[in-house]
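Worksheet: one structure, shown below.
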Amino acid sequence: MNAGIRAAAVVTAMMVFASNAVDARTTAKEVTDRESLKGFVETAKAHLEGISDLNEIARLRVTLRTEGEWKSGDMFLMITFTNGDVFIHGDDPSAESRSLIDVEDDNGVKVVKRLLAGAGEGGTFVDYDDNGPKTAYAVEYTSGLTGRTLVVVGGYSQDVSDAPITVAELPRPAVTASEVVDRDTLTTFVEEAAKAYQSAVKSDNYSDLVSVKNALREEGGYWKDGSIYLWIVSGDGIVIFHGGQRHREGKPAPVHLVDVNGIPFMQELIDMGRRGGGFLQYHFDNPAIEGDEETGSPKIGYTTGFPILDSGQMAVAGSGIYINRE
């Protein structure tokens, strides 16, 4: 075989391999049996391990809940930490506040506990009973962003509304949400809340992250009081955490909005955080005041930036306070 023919053969083989690789992808709607269920979850594993951009990680909540490649009816994905806390649930956002390690099926089988155990051994099927026989498959994967180990599960669709919600007992900060009254106290609150979140991200395989997020959302606690709460976005403005409106998580922050004075406040707050932090005064609708829907009320926002582990990528944390006058 001459060199030209050999080269052509190699190219052809590569094209066939690439075609087969594409064909090997299994989507949610193609799951019909155990083999295709495993293929679906393994496809997700490969996809997740290939994500190294924080913005794409931040979008995953919406991506995995959108009907299409990763969700089809009651076939969806769930991503958990290795302790059984839920990172992303493809069907039930409220599950992301819960630990599923001790959830049992109709026969008393601790389904998630078994899934996690088998996931660490290269992947496993678990048959369970939930108003009828069902099968789930789980496998560990390594985050392409942080190098941490997580678990991706497909075929698991139990009602987990009774699973416990754990709230971290964080030490009282120097300034609580209810004590924010001016720029100085706002700065201290945001800086300490951001540190609490960072500490949870740094915990062993994120073991503290869910309980800390629950603490940051707890109304009347140290970290939330009415309109005072922490929010965190990626560098491109995708909401990673929202202490007041969790339905915003995974979606773009409203960077297109401008206030009555033409200030693109959200974009400026994010930009300031990426540069190290700062204040911005703008107008925004105060839910405690009737009649300011069109003009908004004066507000001061403060943001700060922080790195996501050793990825070199930045997130921005912020909060704001309504004021009567500057």
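Among the criteria (1) within 30 Å of Ser234 (Cβ to Cβ); (2) at pLDDT 95 or above, the one Ser36 does not fulfil is (1).
Give the residues of segment 77-131 that are assigned to a loop (DSSP other than H, G, I, E, B) and either of a type in the set (A, V, I, L, M, F, W, C) or crowded, with 20+ Cβ neighbours inside 10 Å (or both), sorted by residue number. Correct list: Phe81, Gly84, Gly90, Leu100, Ile101, Val103, Val109. The lone criterion from (1) closer than 20 Å to Arg61 by Cβ; (2) touching a Ser or Thr at 6+ places or on another chain (Cβ under 6 Å) left unmet by Ala253 is number (2). Taking the criterion of being touching a residue at least 40 places away in the same chain (Cβ under 8 Å), within 30 Å of Val103 (Cβ to Cβ) and loosely packed, with under 15 Cβ neighbours inside 10 Å, the residues of segment 164-204 that qualify are Pro164, Ile165, Glu169, Lys202. Number of residues in segment 55-66 that are surrounded by fewer than 23 Cβ atoms within 10 Å (Cβ to Cβ) and under 15 Å from Gly235 (Cβ atoms) equals 3.
Among residues of segment 233-247 that are over 12 Å from Ala58 (Cα atoms) and assigned to a loop (DSSP other than H, G, I, E, B), those with a beta-carbon under 9 Å from a residue that is of a type in the set (Gly, Ala, Ser) and at pLDDT 95 or above at least six positions away or on a different chain give the pairs Gly243/Ala177; Gly243/Ala193; Gly243/Ser319.
All conditions but one from (1) buried (at least 17 other Cβ atoms within 10 Å of the Cβ); (2) modelled with pLDDT under 95; (3) over 18 Å from the mean Cα position of the chain (by Cα) apply to Arg246; the one that does not is (3). Between Gly123, Gly132, Gly90, the distinction of being over 14 Å from Ala163 (Cβ atoms), touching a residue at least 40 places away in the same chain (Cβ under 8 Å) and not assigned by TED's automatic domain parsing to the domain that holds Asp310 belongs to Gly123 only.
Scanning segment 133-156 for residues that are farther than 17 Å from Tyr206 by Cα, in a loop (DSSP other than H, G, I, E, B) and either within 23 Å of the chain's Cα centre (by Cα) or among the acidic types (Asp, Glu) (or both) turns up at least one hit. The single residue among Ile270, Ile263 that is assigned to a loop (DSSP other than H, G, I, E, B) and hydrophobic (A, V, I, L, M, F, W, C) turns out to be Ile263.
The values are calculated or read from the model by the stated rules, or taken from the named source; none is laboratory data. Here the structure is a predicted model, which means the values were calculated and not measured. Cβ sites come from the backbone with ideal geometry, for glycine too, and all protein chains shown count toward neighbours.
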